[in-house]
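Here's the structure, in structure tokens; my notes come after.
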Amino acid sequence: MADRLAEDGWRELGYEYINMDDCWSAKQRDAAGQLVPDPKRFPSGIKALADYVHARGLKLGIYGDLGIFTCGGYPGTMLEHVKQDAQTFAAWGVDMLKLDGIPRNGKGFERHRPPHCLLLQLASISRGSSPKVNYTILAEICNLWRNYDDIQDSWDSVLSIVDWFFTNQDVLQPAAGPGHWNDPDMLIIGNFGLSYEQSRSQMALWTVMAAPLLMSTDLRTISPSAKEILQNRLMIQINQDPLGIQGRRIVKEKSHIEVFLRPLSQAASALVFFSRRTDMPFRYTTSLAKLHFPEDAVYEVQDVYVGKIIGTLKTADNFSVIINPSGVVMWTKSSWRHNGGPMQWGFACRPDPVANPRGYCTLGRLPMEEF
């Protein structure tokens with residue numbers, strides 16, 4: 001996989017981590033209490049693997065579990081092993097650590113794990129409930145955190161994650177920012193569970209969520225169409241926007257069309273029109289005014305998947321997009337002109353009993369000092 005990342009154009013696009021998940025270690029620690037790799041799977045050890053990965057301009061990630069055992073039944077990291085395991089990973093040259101917070105056997109667990117692990121466990125087992133996590137503290141500990149159940153190779157799984165994230169967007173969206181991200185789990189594009197349209201939808205929705213783009217697929221056998229989706233340069237540029245603002249769902253229609261918005265730097269924004277329909281392509285008509293964009297503005301619109309400039313669009317202009325079943329249309333919009341002068345857009349999240357009675361965030365022009 002490291003060879004494919006380095007040789008097939010992935011690394012240059014920013015895909016630089018190759019991460020191992022559970023089951024990499026032996027079933028027991030050694031006599032000194034140190035984690036050791038499975039000798040059959042990694043006969044040369046993890047240090048040699050890290051050196052191989054680094055020689056190709058990439059970084060290596062590894063998995064641990066803050067518990068007695070990992071989910072797969074391998075040695076976990078309890079309080080007495082935290083420092084030792086950290087030193088082991090550092091000595092091996094590991095660049096990224098994924099820490100689960102799910103105990104396989106909870107007996108005596110609370111007495112022997114680091115205090116902050118309670119917070120990590122809460123973040124990882126929120127499941128279908130509303131998250132009750134102090135994300136301010138979590139952002140000081142982690143660069144990214146899983147919030148919901150493991151993704152499966154199915155469209156139903158993707159939809160369940162999307163539903164949970166945007167149902168709870170008022171809690172989750174403010175927690176994300178440069179260096180600390182909500183993680184909706186892996187991109188499963190290139191496997192067996194998603195159609196072409198559904199693959200495009202997952203990529204677009206993960207991008208509008210400012211999600212880490214971590215692929216779970218075999219790059220040795222990936223199809224050209226899946227590779228094209230994952231290597232879309234404009235999509236990746238949007239995902240990596242330096243403002244790091246997580247997007248929000250701003251419209252949920254009875255017609256099963258949803259609209260998502262992510263503010264970007266340089267007064268730009270990304271719009272995703274998503275169809276949950278399963279029957280036929282749907283023509284959706286709206287205007288930027290209906291989407292609560294500022295009046296008297298003109299925007300240059302580009303289709304992210306087609307890669308072409310569509311033209312200019314005034315706030316009051318009606319427009320239509322044709323969205324395939326379980327598919328998306330994704331645009332970027334650059335501010336071309338506004339009567340009020342230079343613009344910087346973001347989500348205003350202030351209680352307003354008239355304009356915003358339910359406390360939802362809206363898109364608006366804000367003084368620069370508020371960003």
Would you pick out the residues in the stretch 1-29 that are more than 18 Å from MET96 (Cβ to Cβ) and in a loop (DSSP other than H, G, I, E, B)?
ASP8, GLY9, ALA26, LYS27, GLN28, ARG29
State yes or no: is PRO212 surrounded by 15 or more Cβ atoms within 10 Å (Cβ to Cβ), in the same structural domain as ASN19 (by TED's automatic domain parsing) and either within 30 Å of ILE137 (Cα to Cα) or among the hydrophobic types (A, V, I, L, M, F, W, C) (or both)?
yes
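For every residue, the table says whether it meets (1) out of contact with any Phe, Trp or Tyr (no Cβ under 6 Å at 6 or more places or on another chain); (2) touching a residue at least 40 places away in the same chain (Cβ under 8 Å); (3) not in a strand (DSSP E or B).
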position: GLN152; (1), (2), (3): yes, yes, yes
position: ASP163; (1), (2), (3): yes, no, yes
position: GLN173; (1), (2), (3): yes, yes, yes
position: ASN182; (1), (2), (3): yes, yes, no
position: ASP185; (1), (2), (3): yes, no, yes
Selected residue [surrounded by fewer than 21 Cβ atoms within 10 Å (Cβ to Cβ), more than 28 Å from the chain's Cα centre (by Cα) and outside any loop (DSSP other than H, G, I, E, B)] from ALA48, ALA90, ALA32
ALA48
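How about the stretch 205-215: which of its residues are hydrophobic (A, V, I, L, M, F, W, C), assigned to a loop (DSSP other than H, G, I, E, B) and touching a helix residue (DSSP H, G or I) at 6+ places or on another chain (Cβ under 9 Å)?
Our first condition is that a residue be hydrophobic (A, V, I, L, M, F, W, C); within the stretch 205-215, this holds for 205-206, 208-211, 213-215.
So of that shortlist, the ones also assigned to a loop (DSSP other than H, G, I, E, B) come out as 209-211, 213-214.
Matches in the stretch 205-215: MET209, ALA210, ALA211, LEU213.
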Name, by its number, the condition in (1) part of a loop (DSSP other than H, G, I, E, B); (2) within 21 Å of MET215 (Cβ to Cβ); (3) of a type outside the set (S, T, N, Q) that does not hold for VAL133.
(2)
Might you check whether a residue that is assigned to a helix (DSSP H, G or I), without any contact (Cβ under 8 Å) to a residue 12 or more places away in the chain and under 30 Å from ASP8 (Cβ atoms) occurs anywhere in the stretch 63-86?
no
Which pairs do you get when a residue that is touching a residue at least 40 places away in the same chain (Cβ under 8 Å), found in the stretch 270-294, comes within reach of a residue that is among the charged types (D, E, K, R), reach meaning Cβ atoms under 6 angstrom, with the pair 6+ apart or on two chains?
ALA270/ARG262; PHE274/GLU258; PRO294/ARG365
Quick check on my filter: what residues within the stretch 268-316 are more than 24 Å from GLU197 (Cα to Cα) and surrounded by fewer than 13 Cβ atoms within 10 Å (Cβ to Cβ)?
GLU295, ASP296, GLY311
Which condition breaks for VAL298 when tested against (1) farther than 12 Å from SER335 by Cα; (2) part of a strand (DSSP E or B)?
(1)
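One residue is enough: does the stretch 323-336 have a residue meeting the conditions touching a residue at least 40 places away in the same chain (Cβ under 8 Å), part of a strand (DSSP E or B), surrounded by fewer than 18 Cβ atoms within 10 Å (Cβ to Cβ) and of a type in the set (Ser, Thr, Tyr)?
First, the residues of the stretch 323-336 that are touching a residue at least 40 places away in the same chain (Cβ under 8 Å): 323-335.
Applying the additional criterion that residues be part of a strand (DSSP E or B) yields 323, 328-335.
Remaining after also requiring surrounded by fewer than 18 Cβ atoms within 10 Å (Cβ to Cβ): 334.
Within this subset, residues satisfying the condition of being of a type in the set (Ser, Thr, Tyr) are 334.
Within the stretch 323-336, one or more residues are touching a residue at least 40 places away in the same chain (Cβ under 8 Å), part of a strand (DSSP E or B), surrounded by fewer than 18 Cβ atoms within 10 Å (Cβ to Cβ) and of a type in the set (Ser, Thr, Tyr).
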Top-ranked residue in the stretch 235-264 [being without any contact (Cβ under 8 Å) to a residue 60 or more places away in the chain and assigned to a helix (DSSP H, G or I); ranked as surrounded by the most Cβ atoms within 10 Å (Cβ to Cβ)]:
ASN239
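For GLY57, indicate whether it is loosely packed, with under 15 Cβ neighbours inside 10 Å, under 25 Å from the mean Cα position of the chain (by Cα) and assigned by TED's automatic domain parsing to the domain that holds LEU214. Give the derivation first.
On the way: loosely packed, with under 15 Cβ neighbours inside 10 Å: yes; under 25 Å from the mean Cα position of the chain (by Cα): yes; assigned by TED's automatic domain parsing to the domain that holds LEU214: yes.
Here the answer is yes, as GLY57 does meet what is asked.
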Hits in the stretch 216-234 - residues which are assigned to a helix (DSSP H, G or I) and either under 10 Å from LEU13 (Cβ atoms) or small (Gly, Ala, Ser) (or both)
SER225, ALA226, LEU230, ARG233
Condition broken by GLU140, with the remaining ones in (1) of a type in the set (Asp, Glu); (2) modelled with pLDDT of 95 or more; (3) closer than 19 Å to MET96 by Cα satisfied:
(2)
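The values are calculated or read from the model by the stated rules, or taken from the named source; none is laboratory data. Just so it is clear, the structure is predicted and the values come from calculations on it, not from any experiment. Glycine also receives a Cβ, built like all others from the backbone with ideal geometry; neighbour counts cover every protein chain displayed.
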